[in-house]
Structure formats: structure tokens, C-alpha cells
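Chemist: Would you mind keeping the following structure in view while I ask a few things?
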Amino acid sequence: MLEQILNTANFNYLPRAMTAATIRHEVISNNIANVNTPNYRKSVVNFEDLLAREIYGEEPDGKLDVVRTHDKHLPFKPLEFHAEPTIVQDNTNIMRVDNNNVDIDIEMATLAKNQLYYNALATELGAHITRMKNAITSNGQ
């Protein structure tokens, strides 16, 4: 029973997205710390595109042909791909004399965006846990 409760999409995707946001925060902080380091190439974290590939498969328009509303409604198809955050070095846009491609304004904006993203994920996960707790303790009311 507990496995069915904890095996929902929210408990699957939200913690991994929060982990990706945490890693992204560290990567952006590292980029900011190296803004004046000659020949430094910034890094980025790829996760959301990989998660979309996990959820939707290789569908070009990002839409599912069939949506499962309950585990027992359709036969189970195991996931062929499990998205995990990956750190990639960005070798594009070298606009500085010292061959550093970190733009402090872009990094600060990305850091703020990532913080909002993490807060939204944490709020949603907390709300989901509260809903589950209320459903368990409501005694059929």
C-alpha cells in the first residue's frame, strides 16, 4: 500500500527536479565565482529536456497519444529512459578578450530564476504531502 502511495508521479519527478535545481544552483555559483578567470568556460545543467523525453518519449510535439489516469487502466510499460541532471560545459559565445564566456548579468538572472523554480517545486511537493496526509487521517469524512 505504501509503495502505491509513494510511487506517484509527484514523488517521482519533483524530488529529481529539486535535485537538478540544487545542482544548477551550485553550477551557476561556480560560474559566477569564475567570472574573471581567463579561459574559463561556463557550465550548464540539462534536466528539463531530459525529463520531457522521459515523460513524452520521442514524440516531436511533446504530446502523449494515451494518458494513464490510473495504474490499472492500461498495461504497464516500463520506462526506457530515466532522466538525471547532467552538467555540460558551454563552449559558445566567447565575447571577451580573456576567452571567458561567463556573462554575470545572465548568470545572476538565471540564479534568480532557478531559485523561484526550486521554491515552486518545494511548495508543490509540500502541498502533495499535505494532501496525502489529509487523505490518510480524514477517516472518511
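Chemist: Sticking with the crude label model, points 7 Å out along Cα→Cβ, report the distance from N39 to A52 in nm, one decimal please.
Modeler: Roughly 3.6 nm, to one decimal.
Chemist: So if R0 is 22 Å, what FRET efficiency would S29 and I87 give, r being the distance between their Cβ atoms, rounded to the nearest 0.05?
Modeler: Once the sixth-power term is evaluated, E becomes 0.95.
Chemist: Could you order peptides 122-132, 100-110, 85-95, 17-27 by the average number of other Cβ atoms within 10 Å of their residues, highest first?
Modeler: Order by mean packing, descending: 17-27, 100-110, 122-132, 85-95.
Chemist: Per Stokes-Einstein, at 25 °C and 0.890 mPa s, what whole-number D in µm² s⁻¹ belongs to the range 91-141, with the Kirkwood radius over Cα pairs as the hydrodynamic radius?
Modeler: Values: Rh = 14.5 Å.
Value of D from the Cα-based Kirkwood radius: 169 µm²/s.
Chemist: Next question, about the same structure. What residues of the range 22-40 lie in the reach of a label at D98, counting those whose backbone N is under 14 Å from a point 7 Å from the Cα along Cα→Cβ?
Modeler: 31-40
Bear in mind these aren't lab numbers, they're just calculated from the coordinates by the rules spelled out. The model shown is predicted, which means the values in this text are computed figures rather than measured ones. Cβ: placed from backbone, ideal geometry, glycine included. Neighbour counts: every protein chain shown.
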